[in-house]
Amino acid sequence: MRPLTRLLLALVALLPLAAHGQAAKRLPPVSVGLAIESGSYVLGETLPVRVLVRNNTPAPLTLGKGDHPAGAFEVVRHNDAQRRNLAREPNGCLPKPLTLKPNEERVFDLDLSVAADLTRQGKYLVTFGAIVHGVRYDTQPKAIDVVPGSVVLEGTQLFANDPTRQRHFTLVRWPRDHIDRLFLRIQDTPDGRFFPTVMLGAYLPLVQPRLNISPTGEIVILHRATPEFYVRNVFWSLPAEFVRRSTQSLLDPATADTERLNGMRADLDAIIQKNEAQRKEDHDKIERIKANDPRRPLN
């Protein structure tokens, strides 16, 4: 099960359910949920979020009537006294009008890096709200960190047909789920245009990655992911686009046999220990049977 799905199921479990008597009357007409997979993201990285909207009323409910959005983010920088909202979409991030049946839940997968301006590093507070009859119902704020990452390697691409443009590649590392990951940041000069940061996979920092920039526009990055495997990423980089072409895991023959042999030894040791434990258990069982046998000769 995907982490976002697990988070959202937890949110659903916490959503208020219709109850009897006065408790039901205290429910808001709509409940909202917000799930963010990670607490930190590298600058320029895609930031997937999942939002949930639930109709708590016994009648159909339509969000986004007139000039009001069906749902919208509020994204502010931490310690911003003016609380300037960095959300880019004045009409909201959900399709409108959005009609929900009684007790219906709808889930939407969105990219917060598109919906809000997160182009500066720092801490942000993210809230999602649904608007019903001009009243906004918000989730609790969630904090995320946008970080530059630790620089590992840099390179620059020149374009023969566009000599004024340069494309700067920066390989950075940053931990996620307690594992070091390698990321590729891409930014052009002089216009400052950048492409979405790419997560290249798990990264073993003991070995320096390789960055090969071809005059044809092919970009090849090779990095060590585990003691046994390298990962090779190939991109196509042209003045107007940057596209990922392929990702391959490559076995390192210098370490693969050693790692596999060590694994076989560990498996063999486990089998021997298991057999020894079973032999001892059988021996003890036989001794107990002998001790309780009435035909056992007296000494």
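The values are calculated or read from the model by the stated rules, or taken from the named source; none is laboratory data. If you're wondering where the values come from, they're calculated on a predicted model, not measured in any experiment. Positions of Cβ are generated from backbone atoms using ideal geometry, with glycine treated the same way; all protein chains shown enter the neighbour counts.
Out of the residues in the stretch 125-158 that are of a type in the set (S, T, N, Q) and farther than 30 Å from L222 by Cβ, state the one that is surrounded by the fewest Cβ atoms within 10 Å (Cβ to Cβ).
Among those that are of a type in the set (S, T, N, Q) and farther than 30 Å from L222 by Cβ, it is Q140.
For a quick check of your reading: which strands (runs of 3 or more DSSP E) sit entirely within the stretch 44-123 and have at least 2 residues that are acidic (D, E) and under 27 Å from I186 (Cβ atoms)?
Because the criterion is at least 2 residues that are acidic (D, E) and under 27 Å from I186 (Cβ atoms), the strands (runs of 3 or more DSSP E) in the stretch 44-123 that meet it are 105-111.
For the stretch 152-217, which strands (runs of 3 or more DSSP E) that fit wholly inside it have 3 or more residues that are more than 14 Å from E45 (Cβ to Cβ)?
In the stretch 152-217, 166-176, 179-189, 210-213 are the strands (runs of 3 or more DSSP E) which contain 3 or more residues that are more than 14 Å from E45 (Cβ to Cβ).
Which members of the stretch 40-75 meet the condition of being among the aliphatic types (A, V, I, L, M) and over 21 Å from the mean Cα position of the chain (by Cα)?
V53, A59, L61, L63, A70, A72
Can you give me the number of residues within the stretch 142-163 that are touching a residue at least 12 places away in the same chain (Cβ under 8 Å) and farther than 24 Å from T197 by Cβ?
Residues that pass the stated criteria total 2.
Find all pairs meeting these conditions: Cβ atoms under 6 angstrom apart; at least six residues apart or on different chains; first residue within the stretch 50-63 and assigned by TED's automatic domain parsing to the domain that holds F128; second residue of a type in the set (K, R) and part of a strand (DSSP E or B).
What qualifies is V53/R106.
Can you tell me which residues in the stretch 84-121 are under 26 Å from G149 (Cα atoms) and of a type in the set (K, R)?
Correct list: R84, R88, R120.
Take the residues in the stretch 207-245 that are closer than 18 Å to F195 by Cβ and of a type in the set (D, E), then tell me which one is surrounded by the most Cβ atoms within 10 Å (Cβ to Cβ).
Taking the candidates together, the pick is E218.
Any residue in the stretch 89-113 that's surrounded by 16 or more Cβ atoms within 10 Å (Cβ to Cβ): show its pairings with residues that are of a type in the set (K, R) and assigned to a loop (DSSP other than H, G, I, E, B) at Cβ separation under 9 Å, as long as the two are six or more apart or on different chains.
K96/K65
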